[in-house]
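The values are calculated or read from the model by the stated rules, or taken from the named source; none is laboratory data. What you see is a predicted model; the values in this text were computed from it and never measured. Note that we place each Cβ from the backbone using ideal geometry, even for glycine, and neighbour counts take in every protein chain shown. Areas reflect the complete protein model, heavy atoms only, side chains present, ligands, DNA and RNA absent. Shrake-Rupley method; radii C 1.70, N 1.55, O 1.52, S 1.80 Å.
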Amino acid sequence: MVIAAIIGIILLTILIVWLIDKFVPKKLKPVLNLVLWALIIFLGYITFMSVYKEIEFNKLKVERYKVVIDRLVDIRDSQIAYKEVKGEYAGSFDKLIDFVENDSIPITQRRDSTVLDVERTRAFGGVETFKTITLIDTLDYWNVKDSIFKGDSRYKNMANVGIGKEGAKFKLEAGKIEEIPVFEASVDKAIVLDGQEKYLIEKEKQAVSIAGVKGETVKIGSMEEVNTSGNWGKDLSTKE
């Protein structure tokens, strides 16, 4: 809208220059022409800078989003491991980080086994009837931080957004939908894009493109549906 308005003003100014050339006395033309052409050049510069700022903003937002998204993926992977062991998602980063630091994930093996079906055998008058059951054997345990983070200690800063507004932290929620555990980790786009032009941030918060980040926040998981996906396009993540 801003660019369109500036272009409209430039075209109007050019029209005024033409009208002056046609109808204004010759003595006044040089001064008026200089003023109007100076205005055209000034508006042209503003238009260029508006476009340039948007291009630079788009580059910067992608760089910042990638940092945030990689951290959200770490949170999601840690939450999935937490749920596997605890049966629910962690509602705070203190719990989640402590889990990664100190807990282990069981390594299991599934196998089928045939056993006597007592009820059916009784129903058939003693004729032995068998059924197949699945057994899960625990073979070993993996430390969570080694399994997910391969010895990297970045999990200790899992709560930190890491870019944008200094000291900003992710919002972490956990609960249930019809007894099914859910979680959501999110951060407002204004925090991630802190320091940029407000009108560009507001425009970005209205984004709906599937290639970018949809909505007002960058998030993974959901408190409204059973979902562990992020709200961004696949090209933005270096881990998924």
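Restricting Ser186, Ser153 to those that are among the hydroxyl-bearing types (Ser, Thr, Tyr) and closer than 14 Å to Tyr65 by Cα reduces the list to Ser186. Condition check for Trp232 on (1) at pLDDT 90 or above; (2) touching a helix residue (DSSP H, G or I) at 6+ places or on another chain (Cβ under 8 Å); (3) farther than 20 Å from Gln79 by Cβ: one failure, at (3).
To keep it simple, each residue is scored yes or no on (1) acidic (Asp, Glu); (2) assigned to a helix (DSSP H, G or I); (3) exposed (fewer than 13 other Cβ atoms within 10 Å of the Cβ); (4) over 17 Å from the mean Cα position of the chain (by Cα).
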{"residue": "Ala38", "(1), (2), (3), (4)": "no, yes, yes, yes"}
{"residue": "Glu54", "(1), (2), (3), (4)": "yes, yes, no, yes"}
{"residue": "Val68", "(1), (2), (3), (4)": "no, yes, no, no"}
{"residue": "Leu72", "(1), (2), (3), (4)": "no, yes, no, no"}
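Between Lys26, Lys59, Lys66, Lys95, the distinction of being among the basic types (Lys, Arg) and modelled with pLDDT under 90 belongs to Lys26 only. Of the set (1) assigned to a helix (DSSP H, G or I); (2) open to solvent by 40 Å² or more (accessible area, probe 1.4 Å); (3) in contact (Cβ under 8 Å) with a residue 60 or more places away in the chain, all apply to Gly91 but (1).
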